[in-house]
Amino acid sequence: KEGVPLDKLDKAMKNFGMPVGPATLIDEVGVDVASKVATYLASADLGVRMTGGDLSLMTNMVDKGWLGRKSKQGFFTYSGKKDKKLGPEVEAYLNDFTSGNVSNLGEVDIQDRIASRLINEAAKCLEDEIIENPVAGDIGLVFGIGFAPFKGGPFRYL
């Protein structure tokens, strides 16, 4: 296990064009909700596409009551409407979770790793005829999950 500092992760994806970074998004949606969705997808009959992460990261956070913005504690600690910071308790938890292994990935590598998961899944949805055509996939991901709008969607980005 290794990790990237949350501020670096969020900044990389915002610079890619996403409206918010993944850690902030999970805090906004709710760590409990994100954990349930991730658990469901990992156990669905989708092969290795939805595996790769250690789900205990979020389930342990839920057990601690760290549910995101709604509990004022998730990946970040919230003290006001826009005031968020990485608290020492969460920082220690993440450090223990990764055994102190911090990746030195550059911003483009972080962006490529995350965006490629979204792009590959969009291509699989087209292959499985879940979406009718690439334009529908681009519109769905831009408006549905906020895929970097100025990149035109995952198919246009390819």
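The table below gives the values:
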item	result
Failed criterion for residue 132 (all others in (1) charged (D, E, K, R); (2) over 15 Å from the mean Cα position of the chain (by Cα); (3) in a helix (DSSP H, G or I) hold)	(3)
Whichever residue in segment 48-98 is within 19 Å of residue 4 (Cβ to Cβ) and charged (D, E, K, R) and, among such residues, is modelled with the lowest pLDDT	54
Listing of helices (runs of 4 or more DSSP H) fully contained in segment 1-120 that carry 2 or more residues being free of Cβ contacts under 8 Å to residues at least 40 places away in the same chain and not hydrophobic (A, V, I, L, M, F, W, C)	6-16, 31-43, 56-63, 88-97
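The values are calculated or read from the model by the stated rules, or taken from the named source; none is laboratory data. Worth saying up front: this structure is predicted, and the values here are computed from it rather than measured. All Cβ positions, even for glycine, are placed from backbone atoms using ideal geometry, and neighbour counts span all protein chains on display.
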